[in-house]
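Taking it in order: structure first as structure tokens, then the write-up.
The values are calculated or read from the model by the stated rules, or taken from the named source; none is laboratory data. The shown structure was predicted, so the numbers you read here are calculated from the model rather than taken from an experiment. Neighbour counts are summed over all protein chains in view; Cβ atoms, including those assigned to glycine, are modelled from backbone coordinates with ideal geometry.
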Amino acid sequence: MITEKIILAILITASVGAVAGYLGTLMLSKRMSLVGGPLGHITLPGITLALLYGFDVSIGAFATLIFGILLIWFFEKKTKLPTEALTAIVFTSSVAVAFLFLPLEEVEIALIGDISKLTVLTTFASVALSIAAFLVVRKIYKKMVFAAISEDLAKSEQINVDRINLIYLLTVAVVIGLGIRIVGSLLTAAVVAIPAATSKNLTTNMRAYAYGGAIAGGLAGILGIIAHLLFSIPAGLAVIIFSSILFLGSVIFQRNE
Amino acid sequence: MKAKINMEKDKIALRVKNLTVELNGQVIIKDLSFEVKKGETLVVLGPNGAGKTTLLRALLGVIPYKGSITWNVKNTSYLPPNELLQRREILPLTVEDFYSLKDVSGETVIESLRSVGLDGNLLKKRIAYLSTGQFQRLNIAWALVDKPDTLLFDEPTSGIDIGGTETIYSLLHTFWEKYNMTIILVTHDLSVVWEHADNVLCLNKSGLCYGVPQKILTTENLEQLYGTGVKYYHHHRNK
């Protein structure tokens, strides 16, 4: 029987999965797919605070993510160390601090997500934010592709690369914040990386590639929730397993021309 | 504004005065001055690390610099072909998608492709699957599609064979003749200088030599630029 909880779960996983897949196609072009992992880990202190004080995990995740990104940016300016090294420092510190305070019974929720406590309000807020993020990414998509091919070339065509990069990073933060609820902090790289890779294998032009990422992400979300209901496995894990199955299918049926 | 009026009178497309570029605390270009006339082809020569690409980036205004760079042109097109060649596989971009980045589509794209001898049927083909020669032709067509009066080209033939190199420079020369464009061309290739350059700028941090090839490309200057043992046996250009 289809209950309200099931509808909410499908709505949230399909919309967040789709926007994450769509954004993931840009992240793949900038070779940033793996960044989703460390960014997900940076959210752990925020998730811990949310679980301890009873507010929404996405709000906690988003707040600490913004703080973490600003910290990386600040250290980069101060030290000139590579971004990846600073990201490693910030995300491992975040994990360490979070585990000092994270109650043992909440560890699983923090790491692999939980959709059992969805409300109508949080679902519709998440869907609205997903749509907003999708529209923002669609607006900057071509410019980001231009900059991914050559930043100088994009600048020479009067594209404000710094501005669109900032918009892009903020959108990444929002999407990771949304994804946390479904797949937890441990597996966020999967929701942006796998659908994009699937789409790249199956598509032959930019438009199909971008929307293919959204379809693969959304479909994995819906199939994951169905598996969660049928086999009582955690929803986040089911979403990622179905995303991986779609990827394996794309490897078999990939189009090279 | 005053400088611009003088430049129009003088038919100067670009005037660079006392240009110094410093990146990460290292001086890349020091106190460089030169001019480019409208319709002129300037070839920038120099060894690796001399600052040729940095000069183009400064001219485009994408990196900070000291000194003055004054343009008197309407529309500039820049092309870093080597960078494009290396990154063309990052996305499944078709030729049509590549043009759409410049908001160009339809008949204009077909005309643009034909202008460099490429078939309109390539429109749906992924740029990653074009041969290197086809891709370099596409680059030229793409750079020229919005009809620039000035073209900045960074190593247009790196990674392609001698036949392909000839084709690229012949194409550039054809467009130069047809549209009277101003071209600033960075290359390692000394033969290009005699074939296509009106002026040469030898770069080794500061401008080592600048002027017409016949006067500038002496064995002494080339040795100073590239180190000992460089000789160039030139032939004359039929312009």
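For the stretch A:233-255, state whether one or more residues are within 14 Å of chain B (Cβ to nearest Cβ) and in a helix (DSSP H, G or I). Even if it seems obvious, please write down each step before you answer.
The first filter runs over the stretch A:233-255 and keeps only residues within 14 Å of chain B (Cβ to nearest Cβ), leaving A:250, A:254-255.
From the residues that got through so far, the ones that are in a helix (DSSP H, G or I) too are A:250.
Looking for residues that are within 14 Å of chain B (Cβ to nearest Cβ) and in a helix (DSSP H, G or I), one finds at least one in the stretch A:233-255, hence yes.
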note = Flagged in the stretch B:80-96 as at the interface with chain A (Cβ under 7 Å from one of its Cβ atoms) and closer than 15 Å to A:ALA154 by Cα, in numbering order, are B:PRO80, B:GLU83, B:LEU84, B:ARG87
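Restricting to the stretch A:104-119, give me the number of residues that are outside any loop (DSSP other than H, G, I, E, B), over 16 Å from the mean Cα position of the chain (by Cα) and of a type in the set (A, V, I, L, M).
In the first step, residues of the stretch A:104-119 are kept if they are outside any loop (DSSP other than H, G, I, E, B); the result is A:104-112.
From what's left, over 16 Å from the mean Cα position of the chain (by Cα): A:104-109.
Checking which are of a type in the set (A, V, I, L, M) leaves us with A:104, A:107, A:109.
Residues meeting the conditions: 3.
Collect the residues in the stretch A:143-188 that are of a type in the set (Lys, Arg) and in contact (Cβ under 8 Å) with a residue 12 or more places away in the chain, keeping them in residue-number order.
Taking the stretch A:143-188 first, the residues of a type in the set (Lys, Arg) are A:143, A:155, A:163, A:181.
Across the stretch A:143-188, the qualifying residues are A:LYS143, A:ARG181.
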ask   = Would the stretch A:17-30 turn up any residue that is over 24 Å from A:LEU223 (Cβ atoms), modelled with pLDDT under 90, surrounded by fewer than 24 Cβ atoms within 10 Å (Cβ to Cβ) and under 16 Å from the mean Cα position of the chain (by Cα)?
value = yes
request  = Output the qualifying pairs, or none if there are none: Cβ atoms under 8 angstrom, residues six or more apart or on different chains, first residue in the stretch B:211-239 and at pLDDT 55 or above and of a type in the set (Gly, Ala, Ser), second residue in a loop (DSSP other than H, G, I, E, B) and surrounded by 14 or more Cβ atoms within 10 Å (Cβ to Cβ).
outcome  = B:GLY227/B:PRO47
key: Pick from the stretch B:198-212, criterion of a type outside the set (Lys, Arg) and in a loop (DSSP other than H, G, I, E, B), ranking: farthest from B:PRO80 (Cα to Cα)   = B:VAL212
request  = Tell me, yes or no, whether the stretch A:180-202 has at least one residue that is at pLDDT 85 or above, farther than 17 Å from A:ALA20 by Cβ, surrounded by 17 or more Cβ atoms within 10 Å (Cβ to Cβ) and touching a Ser or Thr at 6+ places or on another chain (Cβ under 6 Å).
outcome  = yes
Filtered residue count, the stretch B:86-108, keeping only those that are at pLDDT below 90, assigned to a helix (DSSP H, G or I) and among the charged types (D, E, K, R) = 2
ask   = Only one residue in A:LEU153, A:LEU178 is within 14 Å of chain B (Cβ to nearest Cβ) and in a helix (DSSP H, G or I), so which one is that?
value = A:LEU153
message = Which numbered condition in (1) surrounded by 15 or more Cβ atoms within 10 Å (Cβ to Cβ); (2) touching a residue at least 24 places away in the same chain (Cβ under 8 Å); (3) not β-branched (Val, Ile, Thr) is the only one that A:PHE99 fails?
response = (1)
request  = Output the number of the condition that A:TYR53 fails; it satisfies all remaining conditions of (1) more than 14 Å from every other protein chain (Cβ to nearest Cβ); (2) surrounded by 15 or more Cβ atoms within 10 Å (Cβ to Cβ); (3) touching a Gly at 6+ places or on another chain (Cβ under 9 Å).
outcome  = (2)
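Could you tell me whether B:LEU55 is surrounded by 23 or more Cβ atoms within 10 Å (Cβ to Cβ), touching a residue at least 12 places away in the same chain (Cβ under 8 Å) and out of contact with any Lys or Arg (no Cβ under 8 Å at 6 or more places or on another chain)?
Details: surrounded by 23 or more Cβ atoms within 10 Å (Cβ to Cβ): yes; touching a residue at least 12 places away in the same chain (Cβ under 8 Å): yes; out of contact with any Lys or Arg (no Cβ under 8 Å at 6 or more places or on another chain): yes.
It is true that B:LEU55 is surrounded by 23 or more Cβ atoms within 10 Å (Cβ to Cβ), touching a residue at least 12 places away in the same chain (Cβ under 8 Å) and out of contact with any Lys or Arg (no Cβ under 8 Å at 6 or more places or on another chain).
Would you mention how many residues in the stretch A:183-210 are in a helix (DSSP H, G or I) and either at positive phi or not hydroxyl-bearing (Ser, Thr, Tyr) (or both)? Let's see the steps before the verdict.
Pass one, the stretch A:183-210, residues in a helix (DSSP H, G or I): A:183, A:188-202, A:206-210.
Subsequent filtering for residues that are either at positive phi or not hydroxyl-bearing (Ser, Thr, Tyr) (or both) retains A:183, A:189-197, A:200-202, A:206-208, A:210.
Residues meeting the conditions: 17.
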request  = Please give the number of the condition B:ASN18 fails out of (1) away from chain A (no Cβ under 14 Å); (2) at pLDDT 90 or above; (3) buried (at least 19 other Cβ atoms within 10 Å of the Cβ); (4) in contact with a Leu (Cβ under 9 Å, 6 or more places away or on another chain).
outcome  = (3)
ask   = For the stretch B:25-52, which residues satisfy the criterion of being surrounded by fewer than 18 Cβ atoms within 10 Å (Cβ to Cβ) and among the charged types (D, E, K, R)?
value = B:LYS30, B:ASP31, B:GLU35, B:LYS37
request  = Write out, first by first residue and then by second, each pair whose Cβ atoms fall under 8 Å of each other, whose residues are 6+ apart or on separate chains, and whose first residue, in the stretch A:114-138, is crowded, with 18+ Cβ neighbours inside 10 Å while the second is aromatic (Phe, Trp, Tyr).
outcome  = A:PHE134/A:TYR22; A:VAL137/A:TYR22; A:VAL137/A:TYR168
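Quick one: which residue in B:GLU83, B:GLU111, B:GLU195, B:GLU177 is crowded, with 20+ Cβ neighbours inside 10 Å and not in a loop (DSSP other than H, G, I, E, B)? Steps first, answer last, please.
Working: B:GLU83 fails: crowded, with 20+ Cβ neighbours inside 10 Å; B:GLU111 fails: crowded, with 20+ Cβ neighbours inside 10 Å; B:GLU177 fails: crowded, with 20+ Cβ neighbours inside 10 Å.
Of the residues listed, the single one that is crowded, with 20+ Cβ neighbours inside 10 Å and not in a loop (DSSP other than H, G, I, E, B) is B:GLU195.
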inquiry  = I'd like to know if the stretch A:4-25 contains one or more residues that are in contact (Cβ under 8 Å) with a residue 12 or more places away in the chain, of a type in the set (Val, Ile, Thr) and farther than 30 Å from A:GLY212 by Cβ.
reply    = no
message = I want to confirm something. Restricting to the stretch A:120-150 and keeping residues that are of a type in the set (Phe, Trp, Tyr) and under 20 Å from the mean Cα position of the chain (by Cα), which single residue is farthest from the other protein chains (Cβ to nearest Cβ)?
response = A:PHE124
query = Looking at B:THR157, is it in a loop (DSSP other than H, G, I, E, B) and in the same structural domain as B:LEU222 (by TED's automatic domain parsing)?
reply = yes
remark   = the stretch B:23-79: strands (runs of 3 or more DSSP E) wholly inside it with 2 or more residues that are within 11 Å of chain A (Cβ to nearest Cβ) and closer than 19 Å to B:MET181 by Cβ are B:76-79
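Yes or no: B:ILE183 touching a residue at least 40 places away in the same chain (Cβ under 8 Å) and either under 30 Å from A:LYS200 (Cα atoms) or outside any loop (DSSP other than H, G, I, E, B) (or both)?
Details: touching a residue at least 40 places away in the same chain (Cβ under 8 Å): yes; either under 30 Å from A:LYS200 (Cα atoms) or outside any loop (DSSP other than H, G, I, E, B) (or both): yes.
Considered against the rule, which asks whether it is touching a residue at least 40 places away in the same chain (Cβ under 8 Å) and either under 30 Å from A:LYS200 (Cα atoms) or outside any loop (DSSP other than H, G, I, E, B) (or both), B:ILE183 comes out as yes.
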